[in-house]
1. Taking the Cα centre of the chain as origin, sum charge times position over the Cβ atoms of Lys and Arg (+1) and Asp and Glu (-1), and report the length of that vector in debye to the nearest 20.
2. As a check on your grasp of the helix formula, calculate [θ] at 222 nm for the chain: sum -39500 (n - 2.57) over DSSP H runs of n ≥ 4, divide by the residue count, round to the nearest 500.
3. For a test of the definition: using alpha carbon positions, the gyration tensor, and the 1.5 limit on a/c, classify the range 62-213 as rounded, prolate or oblate.
4. If you line up the long axis of helix 372-384 against the longest principal axis of the chain, both from Cα atoms, how many degrees apart are they, to the nearest 10?
5. If you fit an axis through the alpha-carbon atoms of helix 49-86 and take the longest principal axis of the Cα set of the chain, what angle between them do you get, 0 to 90°, nearest 10?
6. Once you have a ≥ b ≥ c as the square roots of the Cα gyration tensor eigenvalues for the range 317-418, tell me rounded if a/c is under 1.5, and otherwise prolate or oblate according to whether a/b is larger than b/c.
7. When each pair of different Cα atoms in the range 71-145 is counted once in the 1/r mean, what is the Kirkwood radius in angstroms, to one decimal?
8. Taking the Cα centre of the range 278-397 as origin, sum charge times position over the Cβ atoms of Lys and Arg (+1) and Asp and Glu (-1), and report the length of that vector in debye to the nearest 20.
Amino acid sequence: MEASKNDFSKGSVVGNILGMAVPMTLAQLINVLYNVVDRVYIGYIPEHATLSLTGLGVCLPVITAAIAFANLFGMGGAPLCSIERGKGNEKEAEAIMGNSFTLLVLCGLLLTAFGLIFKRQLLYLFGASDITYPYADSYMTIYLLGSVFVMIGLGMNSFINSQGFAKIGMKTVLLGAFANIILDPVFIFGFHMDVQGAALATVISQFLSAAWALRFLTGDGAILRLKKETLGLSRVRVVKITSMGMSSFMAGFTNSLVAVACNATLQTWGGDLYVGVMTVIHSVREIVENLIKGLTSGSQPVLGFNYGAKQYRRVRQAIKFVSVSAISFTFVCWVLISLFPETFIHIFNRDETLVQAAIPCLRIYFFGFFMMSLQYAGQCSFVGLGKAKQATFFSIFRKVIIVLPLTILLPHVGGLGVMGVFLAEPVSNFMGGGACYLTMLRTVWPELDEKKTEKARNGEIS
């Protein structure tokens, strides 16, 4: 009955997407709390709020890298599961999920070991100063010890959503986020643990999310179940999973590289103050970005299922809906952030020096942010339809080929200084977002023409 209920080839396409996207968007909004609530509380620590916030900002590349690896195997396996389920091949779908779980655990253990061994070198590379290093070290050490829970909680939740259980997936995130909100003030202020308390609250919360996800996926409520016999790695499946997840991984990993470049460049041109400004701006971006990710992630199971079922007209309808919705939402966000920058900055810090420095930087960073929606819509279409190479290329193209060089070079141009670092983002949105979406229209869209596809299948078109 559940398998029939979650048959995305039936009913309204928009209704199917919204049925997935609404709870997943709420889940993404709640997921923001995982990543930003620590910064909210830390921003109000007496005496050293700005230094603590800056120290946590230095750790952002590590957090981003952990999420990237979770996406590599979680979001790499989940679309493949949707496609196989659309074909009616549930046994293979379960095998893919089992292999993804094993990869997530192994990666989490390796990330913990590597991070602990090289944490001092990494933190100074990421933009720490002698003043902010102790705060960064305190947070990073505890966070790394919970890397496996981050891997499982984020990675396996993708398989809950891919089966059509978006509300269950939302509860996975909800459980951890509420735990984090409650535990943060207890550890930070009640036990006077400051930055260490924020990290400990996050690790405990991620453990609860991971336990909840595993409990569902091994129970009778799931369509596809996590079983012992599927945990043994298969080279073919590992290649498929990593190939499919590479775009999501590169999006996250290149975000980490950009964060490193931004922090290091800002430390050179503006010092700890502007590293703190970038921490606030990244936090604002996460709020907006996670909301739009809820829509695009919610559409991927619908895209993959209908593509596997050869319902190409429905795939086109889904892409149209996602594109219009993403552009509209990001345009509204751009306007609000441009008009009320202080409101967004005050969420994380009220130090007047930081606020005044952050206002012009925030406006520059988010200029034309609606163009970024084209990147989201294009990437969503490539990933949902299993176009791993295209998805991976555009993840690399925007960040590595455009943002990284501009982040390093623009401060030297025309006396831009620190403003050049913040200007690199809007330039990449226009160039990268436009290129990604236009390529999707020229490659994927013609393939989804049912008449041409059917003729080609019958040998009528050479």
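1. Using only the charged Cβ atoms, the result is roughly 1820 debye.
2. -27000 deg cm²/dmol, from helical runs alone.
3. Cα axes put the range 62-213 in the oblate bin.
4. 40 degrees
5. With both axes taken from Cα atoms, the answer is about 0 degrees.
6. Details: a/c = 2.88, a/b = 1.47, b/c = 1.95.
It comes out oblate by the Cα gyration axes.
7. For the range 71-145, inverting the mean 1/r across all distinct Cα pairs yields 14.7 Å.
8. In debye, rounded to 20, the range 278-397 gives about 900.
Every number in this text was worked out from the coordinates using simple rules, so none of it is lab data. Please read all numbers here as calculations on a predicted model, not as lab measurements. For neighbour counting, all protein chains shown are included, and Cβ atoms are generated from backbone atoms with ideal geometry for every residue, glycine included.
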